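Each reported figure results from applying straightforward, stated rules to the coordinates on display, with no laboratory input. The shown structure was predicted, so the numbers you read here are calculated from the model rather than taken from an experiment. Every residue, glycine among them, receives a Cβ derived from its backbone with ideal geometry; neighbour counts consider all protein chains shown.
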Amino acid sequence: MNAKLSRVMVVWAAPFVLGGLAAAVGSHYLPESIGEQARRQAELVPPVRFVALNVTLPVSRTIFPPGAGAAIASANCVMCHSAGMVLRQPAMTVDEWSTEINKMRSAFGAPIPAEQVDELARYLGVINGRKSGPEPSAVDNQAS
């Protein structure tokens with residue numbers, strides 16, 4: 001066989017040889033087949049069963065008092081809290097309400113837009129607020 005034909009055969013054979021080698025070695029590292037996964041999961045004891053639940057939440061008849069910000073509170077706060085629960089909170093200053101609202105936004109994912117935080121804090125400060133003073137803060141129980 002001449003040298004040119006040998007080089008052509010090596011060029012064409014090398015990918016097949018390397019591919020076969022990679023398949024043989026790589027099959028050990030590849031994820032298991034869907035059938036193998038199903039067989040392994042069927043062997044789990046006890047099998048996992050999911051059951052749908054019906055949950056009836058209590059109905060609240062309390063609503064937020066009318067005022068600038070009532071619509072924001074009704075649209076955003078009652079997703080997690082009843083209006084009565086919000087209205088029973090300790091009286092807080094507008095700054096403390098703002099801190100609480102921002103905590104709800106950042107820590108708990110409340111969908112209150114940032115531009116509505118001040119209006120909602122002012123509203124809650126009017127319906128359930130106190131003036132700033134030297135007494136301890138309702139938010140962190142420390143002097144303001």
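Report the gain in length on full extension from VAL17 to ALA68: 0.36 nm times residue separation, minus Cα-Cα distance, nm rounded to one decimal.
Working: separation 51, 0.36 × 51 = 18.36 nm, distance 7.60 nm.
Residue separation times 0.36 nm, minus the Cα-Cα distance, leaves 10.8 nm.
Could you check the simple spin-label distance between SER106 and ARG49, using points 7 Å along Cα→Cβ, in nm with one decimal?
With each label point 7 Å from Cα toward Cβ, the separation is 4.6 nm.
Which peptide among 54-64, 105-115, 71-81 comes first, and what is the full order, when sorted by highest mean count of other Cβ atoms within 10 Å?
71-81, 105-115, 54-64
Taking θ as phi - 60°, what are the ³J(HN,Hα) couplings along the stretch 88-94 by the Karplus curve (6.51, -1.76, 1.60), each to the nearest whole Hz, with x for Gly and Pro?
8, 5, x, 4, 10, 6, 4
Below 8 Å between Cα atoms, with a sequence gap of 6+, how large is the relative contact order for the stretch 55-144 in percent?
On the way: 93 pairs, mean separation 29.8, N = 90.
Relative contact order comes out at 33 percent.
Around GLY129, which amide H atoms from residues at least 5 apart in sequence, or from another chain, sit under 5 Å from its own amide H, with H modelled in the peptide plane?
Correct list: MET92.
Report the calculated FRET efficiency for ARG61 and ALA91 (r = Cβ-Cβ distance, R0 = 30 Å), to the nearest 0.05.
Numbers: r = 23 Å, r/R0 = 0.76.
Efficiency at R0 = 30 Å is approximately 0.85.
For VAL10 and ASP118, calculate 0.36 nm times their separation in residues minus their Cα-Cα distance, and state this gained length in nm to one decimal. Could the numbers behind the result be given before it?
On the way: separation 108, 0.36 × 108 = 38.88 nm, distance 7.44 nm.
My answer for the length gained is 31.4 nm.
Explain nothing, just compute: Karplus ³J(HN,Hα) = 6.51 cos²θ - 1.76 cosθ + 1.60, θ = phi - 60°, for every residue of the stretch 74-79 in order, whole Hz, x for Gly and Pro.
5, 7, 10, 6, 6, 5
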